[in-house]
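Participant: Below: one structure in structure tokens.
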Amino acid sequence: MRLFLIRHGQTAWNKDGRAQGHTDIGLDDIGLEQTEQLALSFSGIEIDRVFSSDLLRCVQTASGIARTGVEQSAIFRERSFGTWEGEPYQEIHHRLRDAAAKLGVSEFNARPDGGESVMDVWDRLEPAVAEIEDSHGNTVIVTHGGTCALLLCQFLRTSVDTSRSFRFPNTAVTELERRPDGFWSLVRFADTSHLARPSAPMIDAQNLATR
């Protein structure tokens, strides 16, 4: 069994470095072109199931890969940033760090106003990971940068802290293969080689730090 974790294509808020969270923003022109190139790269790969966050930017990205429909779910959404959504991501990062220090908790447990902590998202994803672990057939999950990191940690059976080590450009593909012992091997990480085609746009490096 092969598992593909894919971050959605670029949005205008990605380009501006703004936190999207649950705000339902579609792909921009660059994101749509990236998604076309992504779909071409999967044309020869047999895929049995395609899961997606139910937010538009992910559904648009997944639609080119799916051959029998997209299974949309709010479980795969990005972390909610509550009333802070739309603000610069770096500013939110500093505010969360300050909030964690005042509360005496880990940054993984700090919540934006009306939003989720990283641990809230971790717990939200666990049932979906368990379902996929019990399934068979090649599977795609199209989701968000932060969610990709947490999913990768859970499938590789590492801690939530490890998620800080992972960054995913738009439409990056991370591929895992399940071994006979049930563990997963990392085949490729954050691969954007499909965007190297002459007609594909350049990747905005700023997107590596935004969700």
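Participant: Go through the stretch 131-176 residue by residue and tally those that are among the hydrophobic types (A, V, I, L, M, F, W, C), within 20 Å of residue 9 (Cα to Cα) and without any contact (Cβ under 8 Å) to a residue 60 or more places away in the chain.
Facilitator: Qualifying residue count, the stretch 131-176: 3.
Participant: Turning to a different aspect of this structure: For the stretch 148-156, does any single residue satisfy the condition of being aliphatic (A, V, I, L, M) and assigned to a loop (DSSP other than H, G, I, E, B)?
Facilitator: Yes: the stretch 148-156 contains one or more residues that are aliphatic (A, V, I, L, M) and assigned to a loop (DSSP other than H, G, I, E, B).
Participant: If a residue has to be at pLDDT 60 or above, acidic (Asp, Glu) and in a loop (DSSP other than H, G, I, E, B) to count, how many in the stretch 180-211 make the cut? Outline the logic, then answer.
Facilitator: Our first condition is that a residue be at pLDDT 60 or above; within the stretch 180-211, this holds for 180-197.
In the following step, the residues that additionally are acidic (Asp, Glu) were identified as 181, 191.
With the extra rule that they be in a loop (DSSP other than H, G, I, E, B), the set shrinks to 181.
Within the stretch 180-211, residues that are at pLDDT 60 or above, acidic (Asp, Glu) and in a loop (DSSP other than H, G, I, E, B) number 1.
Here's the yes/no breakdown for (1) assigned to a helix (DSSP H, G or I); (2) farther than 16 Å from residue 21 by Cβ; (3) touching a Lys or Arg at 6+ places or on another chain (Cβ under 6 Å):
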{"site": "61", "(1), (2), (3)": "yes, yes, no"}
{"site": "72", "(1), (2), (3)": "no, yes, no"}
{"site": "86", "(1), (2), (3)": "no, no, yes"}
{"site": "123", "(1), (2), (3)": "yes, yes, no"}
{"site": "126", "(1), (2), (3)": "yes, yes, no"}
{"site": "130", "(1), (2), (3)": "yes, yes, no"}
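Participant: Now for a different question. Give the residue that is surrounded by the most Cβ atoms within 10 Å (Cβ to Cβ), with candidates limited to residues of the stretch 43-65 that are more than 17 Å from the chain's Cα centre (by Cα) and among the hydrophobic types (A, V, I, L, M, F, W, C).
Facilitator: 47
Participant: Please pick out the residue among 86, 31, 17, 21 that is more than 30 Å from residue 183 (Cα to Cα), at pLDDT 95 or above and surrounded by fewer than 16 Cβ atoms within 10 Å (Cβ to Cβ). Talk me through it step by step, then tell me what you get.
Facilitator: Numbers: 31 fails: surrounded by fewer than 16 Cβ atoms within 10 Å (Cβ to Cβ); 17 fails: surrounded by fewer than 16 Cβ atoms within 10 Å (Cβ to Cβ); 21 fails: surrounded by fewer than 16 Cβ atoms within 10 Å (Cβ to Cβ).
Of the residues listed, the single one that is more than 30 Å from residue 183 (Cα to Cα), at pLDDT 95 or above and surrounded by fewer than 16 Cβ atoms within 10 Å (Cβ to Cβ) is 86.
Participant: Could you grab the pairs with beta carbons closer than 6 Å, sequence gap of 6+ or different chains, first residue in the stretch 76-99 and over 8 Å from residue 112 (Cβ atoms), second one among the small types (Gly, Ala, Ser) and assigned to a helix (DSSP H, G or I)?
Facilitator: 78/146; 79/146
Participant: So residue 177 fits all but one of (1) at pLDDT 95 or above; (2) more than 27 Å from residue 194 (Cα to Cα); (3) surrounded by fewer than 18 Cβ atoms within 10 Å (Cβ to Cβ); what number is the exception?
Facilitator: Tallying (1) at pLDDT 95 or above; (2) more than 27 Å from residue 194 (Cα to Cα); (3) surrounded by fewer than 18 Cβ atoms within 10 Å (Cβ to Cβ), residue 177 fails exactly one: (2).
Participant: Let me ask you something else. Which members of the stretch 1-10 meet the condition of being crowded, with 24+ Cβ neighbours inside 10 Å and not hydrophobic (A, V, I, L, M, F, W, C)?
Facilitator: 7, 8, 9, 10
Participant: Further question: In the stretch 110-123, which residues are in contact with a helix residue (DSSP H, G or I) (Cβ under 6 Å, 6 or more places away or on another chain) and either basic (Lys, Arg) or more than 16 Å from residue 149 (Cα to Cα) (or both)?
Facilitator: 110, 112, 113, 114, 115
For (1) at pLDDT below 95; (2) of a type in the set (A, V, I, L, M), each residue gets a yes or a no:
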residue	(1), (2)
110	no, yes
118	no, yes
122	no, no
129	no, yes
136	yes, no
141	no, yes
145	no, no
153	no, no
158	no, no
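Participant: I'm trying to understand the selection: among the residues of the stretch 9-57, which are assigned to a loop (DSSP other than H, G, I, E, B) and touching a strand residue (DSSP E or B) at 6+ places or on another chain (Cβ under 6 Å)? Give the derivation first.
Facilitator: So in the stretch 9-57, the residues assigned to a loop (DSSP other than H, G, I, E, B) come out as 9-11, 17, 19-28, 42-48, 54-55.
Answer for the stretch 9-57, where residues must be assigned to a loop (DSSP other than H, G, I, E, B) and touching a strand residue (DSSP E or B) at 6+ places or on another chain (Cβ under 6 Å): 17, 47, 54.
Participant: So which residues in the stretch 3-22 are closer than 16 Å to residue 36 by Cβ and more than 13 Å from the chain's Cα centre (by Cα), if there are any at all?
Facilitator: Scanning the stretch 3-22 gives a single hit, 11.
The values are calculated or read from the model by the stated rules, or taken from the named source; none is laboratory data. These numbers were taken from a predicted model, which means no experiment stands behind them. Don't worry about glycine lacking a Cβ; one is built from the backbone with ideal geometry, like all the others, and counts go over all protein chains shown.
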